[in-house]
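To start, the structure under review is shown below, and the notes come after it.
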Amino acid sequence: MGGGMESMSSTAGRWRGVLFDFDYTLADSSPGVIECVNFALREMGLAAAAAEHIRATIGYSLADAFAILTNRCDPRAVEAFGKLFLERSEQVMVDLTRVYPCVPAVVGRLRRAGLKLAVVSTKYRRRIEAVLAREKLADQFDLVIGGDQVKRSKPDPEGLLAAMARLEVAERACLYVGDSVVDVRTARNAGVAFAAVLSGVTERSALESAGATWIMASLEELPERLEVAER
């Protein structure tokens, strides 16, 4: 499917690590994001944004999301938006985030197969870890790298490269799984293969055009795609 990424079909069995995006890949945090964005906008005296427009910015940095939603990029306004978003996020984000039902079985199967697993996301690490702990999934992941741990947001590959280095997994043996065009570009910039899931708001055609190697209706397809035997 799509562009320049290497076909996975001829390299089955080579995988040693799987890195996951978080929002719309492992979990749906859109109710929390919508609440936090509109809280920040209201506090700044700006008009609230439509839910569907906010959903389309999930996975972007807060600065990029603010620019997309308001067509403004003034550094002081961006800073104010970020502070207000994070203030509200501390109160509501974890409670309003729901892990997809298939996730425990999928990550458990990959873990039993000996794969190293990590989360690489723009969401703050402590919030990801709080959700994983609540769902009793924290011990299934070797590493979580959040947006607060990198200097450059996706599609810069900093987070993916850091995860691979810490897990000691080479690019050819690593797969990134996400839901957006930004995720595809991040994988390409890191030199790793990419599998897309259609659990977000990005259309299949956009993911194909961006060069996703696999496109899955659900994360449930991942173990079979990786040829991971049931144990």
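Round to the nearest 0.05 the FRET efficiency obtained for R98 and A217 when R0 = 30 Å and r is the Cβ-Cβ distance. All intermediate terms of the calculation are to be shown ahead of the outcome.
Details: r = 19 Å, r/R0 = 0.62.
My answer for the efficiency is 0.95.
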Worksheet item: What are the GluC sites (Glu not before Pro) within segment 148-229 that DSSP puts in a loop, where the Cβ has at most 13 other Cβ atoms within 10 Å?
Response: E168, E203, E227
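Using r as the Cβ-Cβ distance of Q149 and S205, and R0 as 30 Å, what FRET efficiency do you calculate, to the nearest 0.05? Don't jump to the answer; show the numbers that get you there.
Working: r = 33 Å, r/R0 = 1.09.
Calculated transfer efficiency: 0.35.
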Item to complete: Using a 1.4 Å probe and ignoring any ligands, DNA or RNA, find the accessible area of V177 and quote it in Å² to the nearest 10.
Response: 0
Discussion item. Sort D142, D21, D156 by heavy-atom solvent-accessible area, probe 1.4 angstrom, most to least.
Written reply: D142, D156, D21
Item to complete: Could you pull the accessible area for R111 with a 1.4 Å probe, rounded to 10 Å²?
Response: 80
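Which whole-number percent of Cα pairs in the chain have a distance greater than 31 Å?
I get 18 percent for the Cα pairs in the chain exceeding 31 Å.
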Worksheet item: How much net charge surrounds R88 when only the other residues with a Cβ under 13 Å from the Cβ of R88 are counted, with Lys and Arg +1 and Asp and Glu -1?
Response: -2
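Among the trypsin sites (Lys or Arg not before Pro) within segment 137-193, which fall in a DSSP loop and have no more than 13 other Cβ atoms within 10 Å of their own Cβ? Let's see the in-between values first.
Working: sites: K151, R152, R166, R172, R185, R188; in loops: K151, R152.
Here the sparse-neighbourhood loop sites are K151, R152.
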Item to complete: With all protein chains present, calculate the accessible area of L46 using a 1.4 Å probe and round the result to the nearest 10 Å².
Response: 50
Worksheet item: For a paramagnetic label modelled at 7 Å from the Cα of A170 toward its Cβ, which residues of segment 15-46 fall within the zone defined by backbone nitrogen distances under 13 Å?
Response: 15-17
Discussion item. Can you show me the helix-derived [θ] at 222 nm for the chain, built from DSSP H runs with n ≥ 4 at -39,500 (n - 2.57) apiece and divided by the number of residues, rounded to the nearest 500.
Written reply: -12000 deg cm²/dmol
Practice prompt. Under a 10 Å cutoff between Cα atoms, tell me which one of A163, A118, A48 has the largest fluctuation in the Gaussian network model of the chain.
Written response: A48
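The values are calculated or read from the model by the stated rules, or taken from the named source; none is laboratory data. What you see is a predicted model, and the numbers here were worked out from it, not measured in a lab. Reconstructed Cβ throughout: ideal geometry from the backbone, glycine too, with neighbour counts over all protein chains shown. Ligands, DNA and RNA are excluded from the accessible area calculation, which covers all protein heavy atoms including side chains. Shrake-Rupley method; radii C 1.70, N 1.55, O 1.52, S 1.80 Å.
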